[in-house]
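Notes to accompany the following structure.
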Amino acid sequence: MGPRGGSSSAATGKAAAKRGTPGPAKPRNVSENAFMSAKWDEVCDGRSFSASDAPTLALLVQWYAVVERCISDMDVGDGLPQVAYENNMGDIKAVPMIQTMKQASAEIRQLNKQLGIVDGADVGGGGAGGGKDNVLRLVSQNREQRAAH
C-alpha cells in the first residue's frame, strides 16, 4: 500500500523516505509564502510523498497558516492572546479565531492521518486533550519566536 493506505501507512512512508525518493514539487502559492514553504519543508523532511499527495500537502500547510494567522490576530501584546470581546449589544463573546483554530486543528489531524503522518512528536498525550495540546504547543512556539526577535 502507498503512504495513504491502512495501518501500515506510517511504516510504508518511512521505508520510502529511507530510499531517498524525492517529494512532490511545491505549488507556487506555497513556495511564495515563507511560512507555508517552511511548513511544507518541515512536513516533507524525512518522509516520502508522491506527486498525487501535493494537493493534500498544500491543504495541510494552508491549515497550519490559518492557525498561525489566528494566533497572530489574537495577540494583544506581550504574548497575551485576546480570548473575548464585547459586541455592540454589550455581550461578552469568545473571539471567532478560537472556533477557527478548533476547526483547523481537526482538519490538520485528519490530513495528517490521510497522509500517514503519525510521528510520536505529533501525537499529544492521547485522549480528548490531544488537539488542545497541539494548539498550546503552537502558541508557545509562536511566543518563543517573537521573544527571539
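The values are calculated or read from the model by the stated rules, or taken from the named source; none is laboratory data. All values reported here derive from a predicted model rather than from experimental measurement. Here the Cβ positions follow ideal geometry from the backbone for every residue, glycine too, while neighbour counts run over all protein chains shown. Each accessible area value is taken on the protein alone, full model and side chains, heavy atoms only, with ligands, DNA and RNA left out. Shrake-Rupley method; radii C 1.70, N 1.55, O 1.52, S 1.80 Å.
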(message) So residue 48 passes all but one of these: (1) in a loop (DSSP other than H, G, I, E, B); (2) touching a residue at least 60 places away in the same chain (Cβ under 8 Å); (3) surrounded by 14 or more Cβ atoms within 10 Å (Cβ to Cβ). Which condition number does it fail?
(response) (2)
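Conditions tested, residue by residue: (1) at pLDDT 95 or above; (2) of a type in the set (Phe, Trp, Tyr); (3) open to solvent by 50 Å² or more (accessible area, probe 1.4 Å); (4) part of a helix (DSSP H, G or I).
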| residue | (1), (2), (3), (4) |
| --- | --- |
| 41 | no, no, yes, yes |
| 52 | no, no, yes, yes |
| 58 | yes, no, no, yes |
| 77 | no, no, no, no |
(request) Provide a single number: the residues in the stretch 91-108 that are part of a loop (DSSP other than H, G, I, E, B) and open to solvent by 40 Å² or more (accessible area, probe 1.4 Å). (result) 1
(request) Would you check if there is a residue in the stretch 113-133 being closer than 14 Å to residue 64 by Cα, touching a helix residue (DSSP H, G or I) at 6+ places or on another chain (Cβ under 7 Å) and at pLDDT below 80? (result) yes
